[in-house]
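In what follows, a structure is listed as structure tokens, so that the remarks can point back to it.
The values are calculated or read from the model by the stated rules, or taken from the named source; none is laboratory data. Please read all numbers here as calculations on a predicted model, not as lab measurements. As a convention, Cβ positions derive from the backbone with ideal geometry for all residues, glycine included, and neighbour counts pool all protein chains shown. The accessibility values were calculated without ligands, DNA or RNA, using every heavy atom of the protein model including side chains. Shrake-Rupley method; radii C 1.70, N 1.55, O 1.52, S 1.80 Å.
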Amino acid sequence: MMIKRRVVETVVHIAIWLGLYLLAILFVRTIGPFNKIDNTLVMPVTIGTLINLIIFYAVSLYLIPNFALKNRVKEFLLWTGAVLLAFTLVETLIDFFFLIYIYSSEKESFLGQFITNGLVHLFIVSFALGYGFIKNWLVNERRKEELTREKLSAELSFLKTQLNPHFLFNVLNMAYSSASRKGDDQTADIIEKLSVLMRYMIYESNVD
């Protein structure tokens, strides 16, 4: 069940990212300072998508479980900010020194491009935070449900083990009473000794 859930989740993620990627390539004509050349934006879209993927999964699958959920809030905030600034700087350097000369007819400022990329990455980080925290909350809820089921199963098993001795004691008491009423003292004495022996084996044999 767990493996199946992970496979489905992986397929959904691939479908969403691939869909957004193809949508941007096929239908978007401008992205920030970039305009289509030869009817394509493949290079900036590909680079941007890869960087967005790294940011999204670094925050949601690594930083949240290893820092935020372990009450290492300061470290989590510092690492999240570092990831955001580092990849914004990397993408801006690529855009400013390489892609703008190919896809833009206007001279763009480095700061303007940095701010644009930073806002996009901040949007990605916000989605990563939502996804990461919700994912871990759902995992914890499933664990709680499993623990509850295991506890109920253990309690049921315990009740079953308790039910059998009580049932046998009741049967022995009924047999003892029946034998006593009919004057069969020998049978009643055997039943009484058997009852005492069972009580000792079940309840008293583990006591020091």
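Structure notes:
- Qualifying residue in segment 36-46 (condition: open to solvent by 50 Å² or more (accessible area, probe 1.4 Å), under 15 Å from the mean Cα position of the chain (by Cα) and on the phi < 0 side of the Ramachandran plot): no
- Complete set of residues in segment 1-59 that are closer than 18 Å to Y103 by Cβ and of a type in the set (S, T, Y): Y21, T30, T40, T46, T49
Condition check ((1) in a helix (DSSP H, G or I); (2) surrounded by 18 or more Cβ atoms within 10 Å (Cβ to Cβ); (3) at pLDDT 95 or above) across all residues:
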position: V83; (1), (2), (3): yes, yes, yes
position: F87; (1), (2), (3): yes, yes, yes
position: Q113; (1), (2), (3): yes, yes, no
position: H121; (1), (2), (3): yes, yes, yes
position: V125; (1), (2), (3): yes, yes, yes
position: K135; (1), (2), (3): yes, no, no
position: L138; (1), (2), (3): yes, no, no
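- Residue match in segment 94-101 (condition: modelled with pLDDT under 95 and in a loop (DSSP other than H, G, I, E, B)): no
- Tally of residues being open to solvent by 60 Å² or more (accessible area, probe 1.4 Å) and either touching a strand residue (DSSP E or B) at 6+ places or on another chain (Cβ under 7 Å) or of a type in the set (V, I, T) (or both) across segment 1-28: 8
- Lone qualifier among E146, E155, E150, E106 - being exposed (fewer than 14 other Cβ atoms within 10 Å of the Cβ), in contact (Cβ under 8 Å) with a residue 60 or more places away in the chain and farther than 19 Å from L53 by Cβ: E106
- Selection count, segment 11-35, where residues are under 27 Å from the mean Cα position of the chain (by Cα) and aromatic (F, W, Y): 2
- Residue among S195, S153 that is over 22 Å from I64 (Cβ atoms), modelled with pLDDT under 80 and outside any loop (DSSP other than H, G, I, E, B): S195
- Condition broken by A68, with the remaining ones in (1) within 29 Å of the chain's Cα centre (by Cα); (2) open to solvent by less than 80 Å² (accessible area, probe 1.4 Å); (3) at pLDDT 95 or above satisfied: (3)
- Any hit, segment 51-60, residues being touching a residue at least 60 places away in the same chain (Cβ under 8 Å), surrounded by 12 or more Cβ atoms within 10 Å (Cβ to Cβ) and among the aromatic types (F, W, Y): yes
- Residue in segment 154-167 that is among the acidic types (D, E) and under 26 Å from R6 (Cα atoms) present: no
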